[in-house]
Each structure stands twice: as C-alpha cells, then as structure tokens.
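The values are calculated or read from the model by the stated rules, or taken from the named source; none is laboratory data. All figures in this text were calculated on a predicted structure; none of them were measured in a lab. Reconstructed Cβ throughout: ideal geometry from the backbone, glycine too, with neighbour counts over all protein chains shown. Keep in mind that these areas ignore ligands, DNA and RNA; they rest on the heavy atoms of the full protein, side chains included. Shrake-Rupley method; radii C 1.70, N 1.55, O 1.52, S 1.80 Å.
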Amino acid sequence: MESSNKGIVWATLADSSVKKLQEVIKLPQGFNPPEHFHVTLYFGVFKAPYENLIGKKVKISISKYCYNENVIAIPADLTGTGLKSQNEVPHITWGLATGISPVESNKMLASAHFNETIPLTEVDLEVQFLEWKPK
C-alpha cells in the first residue's frame, strides 16, 4: 500500500564522494556538516509521481563551492543527468554555522557570497525518497 505521507526526493552523495570532497573542502572552526549530504530535487511531495527516478545513479562534476559567514554550499550542475531541482541553484549543503538551518543555503546562493574554485572532482549521486514521519 502506498504511503500517504509526503517527503523529499533527493540525490544523496555516495560515501566515497563525501570522502573525496572532504579532502578539498575543509570545514572551518564553528561549522558542522549537515545530517545528510544531498541535492534536493523535490520537497514536500508524495513518492508515487517520482518512482521512475528512485534508485537512479548519476555522476556530476564539482568545480567550486560558495560560502558566507553561515553556510558553505556546493553548486551541483545537473545538466545531462535527467534530474531537475525545485531549487533555483541545485546544490549540496556542505557546512553550517551553529544554529543555522540548511535552508539558508538557498538564501546564500541567491544573494552575495564568496566563491572558491577547487580541482574538478567527479562525484556520485543516487536518487532516494525520504518519507516524513507523521507527527
């Protein structure tokens, strides 16, 4: 039976890719990693319309990260993967200052921020659905 709970369709970063990126993007003191490294595709949706995407694996190349005093995010170019994101700038939230919510990555990327170029790094993503638990 299909669940009636909404959730998030996201492309999670493979553990091996997290390790690769940790070698080139260090978190400054006072920053913490998010609970999950992922690219949000669709937020607040039912699973059924996205069943065809679940389990899909893709590779993308990372060439920079963006930051301000509260957030570090990695832009994720989904061109050619067949994936789309509801976010204006698809990205992986990489680090958050204490008390800062991951949604702040969207705000930072839409406003003034700093950019840092890194060596071109290929990473693996897998599309998954995370169901929200009823309250």
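Residue under question is I118, and the condition is that it be open to solvent by less than 30 Å² (accessible area, probe 1.4 Å), closer than 23 Å to Y50 by Cα and touching a Phe, Trp or Tyr at 6+ places or on another chain (Cβ under 7 Å); does it hold? When the stated conditions are applied, I118 does not pass them.
Please go through region 69-107 and pick out each residue that is under 23 Å from E23 (Cβ atoms), outside any strand (DSSP E or B) and in contact with a Phe, Trp or Tyr (Cβ under 9 Å, 6 or more places away or on another chain). Once the filter is applied, which keeps residues that are under 23 Å from E23 (Cβ atoms), outside any strand (DSSP E or B) and in contact with a Phe, Trp or Tyr (Cβ under 9 Å, 6 or more places away or on another chain), region 69-107 yields only S105.
Pairs are defined by a Cβ separation below 6 Å, a sequence spacing of at least 6 or placement on different chains, a first member in region 85-97 that is within 11 Å of A11 (Cβ to Cβ), and a second member that is aromatic (F, W, Y); the pairs so defined are I92/F37. Just one of the numbered conditions (1) open to solvent by less than 20 Å² (accessible area, probe 1.4 Å); (2) over 17 Å from L120 (Cα atoms); (3) of a type in the set (F, W, Y) is not true of W94: (2). Taking residues in region 5-28 that are closer than 13 Å to V39 by Cβ and aromatic (F, W, Y), and partners anywhere that are at pLDDT 95 or above and open to solvent by less than 20 Å² (accessible area, probe 1.4 Å), the pairs with Cβ atoms closer than 6 Å and at least 6 places apart or on different chains are W10/L41. Scoring A112 on the criteria (1) open to solvent by less than 80 Å² (accessible area, probe 1.4 Å); (2) assigned to a loop (DSSP other than H, G, I, E, B); (3) closer than 26 Å to K26 by Cα leaves a single failure, condition (1). Just to be sure, is Y67 more than 13 Å from the chain's Cα centre (by Cα) and closer than 27 Å to N32 by Cα? Judged against the criteria, Y67 is a match.
Only residues that are among the small types (G, A, S) and either buried (at least 17 other Cβ atoms within 10 Å of the Cβ) or part of a strand (DSSP E or B) (or both) were counted across region 1-57, and they come to 4. Being in contact (Cβ under 8 Å) with a residue 12 or more places away in the chain, β-branched (V, I, T) and under 16 Å from E104 (Cα atoms) is true of I72. Given the criteria open to solvent by 80 Å² or more (accessible area, probe 1.4 Å), in contact with a strand residue (DSSP E or B) (Cβ under 7 Å, 6 or more places away or on another chain), in contact (Cβ under 8 Å) with a residue 40 or more places away in the chain and within 16 Å of F37 (Cβ to Cβ), does E126 qualify? No; evaluated as a whole, the condition is false for this residue.
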